[in-house]
């Protein structure tokens, strides 16, 4: 074997043992997976917050309607959407929520209902990171959120 061939073989062995740049290759493989997991965790947290906020709002409105003799449906709708019964509020508790999304249903005889149900319909949760688009064009993470609360009237 010639001297030149021996030098080439030595360099190839050294190159095979060299680990320079392996961390960068590992990062390139792992980073996209970690970013998707982080985005999914953040979206789940945002969805849970949105659902919990809307569920608490319907509970407050149902309590408002069952506990007060002067409660009105409009006041209850404002309580769900804006967090207050005042007509002057402009900032909804959840982005995209409107008074038209609040449904109020009374059960029982006319004039003397036994129960009231306050629910939200037609509200769609819109994610910031729509990870469903990674799965395909038709798959989305937008979900209809429909919490509702039923309470008995206190005076019955």
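Just so you know, all these numbers are worked out from the coordinates, no wet-lab data involved. Because the structure is a prediction, the values reported are computed rather than measured. Every residue, glycine as well, gets a Cβ built from its backbone with ideal geometry; the counts of neighbours run over all protein chains shown.
Some points to look at:
- Put in order of Cβ neighbour count within 10 Å, fewest first, the listed residues 93, 36, 81, 118 become 36, 93, 81, 118.
- From least to most packed, judged by other beta carbons within 10 angstrom and beginning with the fewest, 65, 134, 24 follow the order 24, 134, 65.
- Helix 22-67 and the longest principal axis of the C-alpha atoms of the chain enclose an angle of approximately 0°.
- Cα-Cα pairs of region 20-152 separated by more than 24 Å (percent): 46
- Between 0 and 90 degrees, the angle of helix 73-82 with respect to the longest Cα principal axis of the chain falls at about 20 degrees.
- Helical mean residue ellipticity (222 nm; -39500 (n - 2.57) per DSSP H run of 4+; nearest 500) of the chain: -16000 deg cm²/dmol
- Stretch gain in nm, segment residue 56-residue 107, where the contour uses 0.36 nm per residue and the Cα spacing is subtracted: 16.2 nm
- Axis of helix 3-17 versus longest Cα principal axis of the chain: the two differ by about 20°, to the nearest ten degrees.
- Projected area averaged over orientations for region 18-83, convex hull of C-alpha atoms, nm²: 5.7
- The peptide list 5-15, 42-52, put in order of mean Cβ contacts within 10 Å with the highest first, becomes 42-52, 5-15.
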